[in-house]
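Okay, structure first, notes after.
Nothing in this text is a laboratory measurement; each read-out follows from the coordinates by a stated rule. As the structure is a prediction and not an experimental result, all values here were calculated from the model. Quick reminder, even Gly has a Cβ in these numbers, built from the backbone with ideal geometry, and neighbours come from all protein chains shown.
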């Protein structure tokens, strides 16, 4: 009898082990199936992304953008001296600004005049895409920190991106977009760049391939920043705007630069910000 119970017990163990083994096999098979499903999903995502990036309309827009950016790039190593006017509801000032540009990464400006009636060289700054140095001669202070939209806004007196600042200071418009942005023609000479957090509308001279103006549009379809270029002259096969207007319609802020003298392709530009050794140094972390 004991032997029968022992035999039954052994059979039960074997059956249970067999079931466990079967379940393990099924589990492994399920995991493999799951991996294949993920691979299939990735493949579908790649296919969708490829279709998005290679759609006929997008490729047509990209081809035009490349032509516009090529035209813009011809105006480089720029040195100009200009009149600058800044106006808000509480401020109305004018002065002079010297600008040096090396595309796509270096911007230097020096501002003086009624912006700073006490000093010839009131504000001097050098920005690249990562960091900036700014000398405020009125307050005897040097500020250094990362190049962010907020920092540009504080120092240049109007909030914008580094690329916007480059466009304004160089008198040329370069169109910036990413692989996730939707690119469409609104008309033959108007391009829309639509991203998750922005819509930018570019109006072009379709024949000469340069940006005449562009605007940022918010979710309520209101224009909140507009940059306009005018009085174009041919420089090195590109087109340089002798007048640039920056307008913030929702807050009535306005900045204008009128370029009076300029040279391009200047290989000897110096972007050093000179300041006395005993000035106060301030570092911004963000």
In this structure, the FRET efficiency calculated for residue 51 and residue 278 from their beta-carbon separation, with R0 = 51 Å, to the nearest 0.05, is 0.25
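Tell me, what is the percent relative contact order of the range 184-258, built from C-alpha pairs under 8 Å that lie six or more residues apart?
Values: 142 pairs, mean separation 12.9, N = 75.
Once normalised by length, the contact order is 17 percent.
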Packing-ranked peptide list from 155-161, 126-132, highest mean Cβ count within 10 angstrom first, is 155-161, 126-132
Cα pair distances exceeding 20 angstrom across the range 185-286, given as percent: 60
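Among 76-82, 59-65, how do they line up from the highest to the lowest mean number of other beta-carbon atoms within 10 Å?
Values: 76-82: 19.3, 59-65: 15.3.
Descending packing order for the listed peptides: 76-82, 59-65.
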Could you tell me what a quarter of the Cα convex hull surface of the range 56-283 works out to, in nm² with one decimal place? 13.1
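If packing is taken as the average count of other Cβ atoms within 10 Å, what order do 273-282, 224-233 fall into, highest mean first? Can you show the working numbers first?
Working: 273-282: 10.8, 224-233: 17.3.
The densest-packed peptide leads the list: 224-233, 273-282.
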Over the range 56-283, what relative contact order in percent results from Cα pairs under 8 Å that are six or more residues apart? 24
Scoring the range 64-145 by relative contact order with C-alpha pairs under 8 Å, at least six apart, yields a percentage of 17
What is the spin-label model distance, in nm, from residue 63 to residue 186 if the labels are put 7 Å beyond Cα along the C-beta direction? 2.3
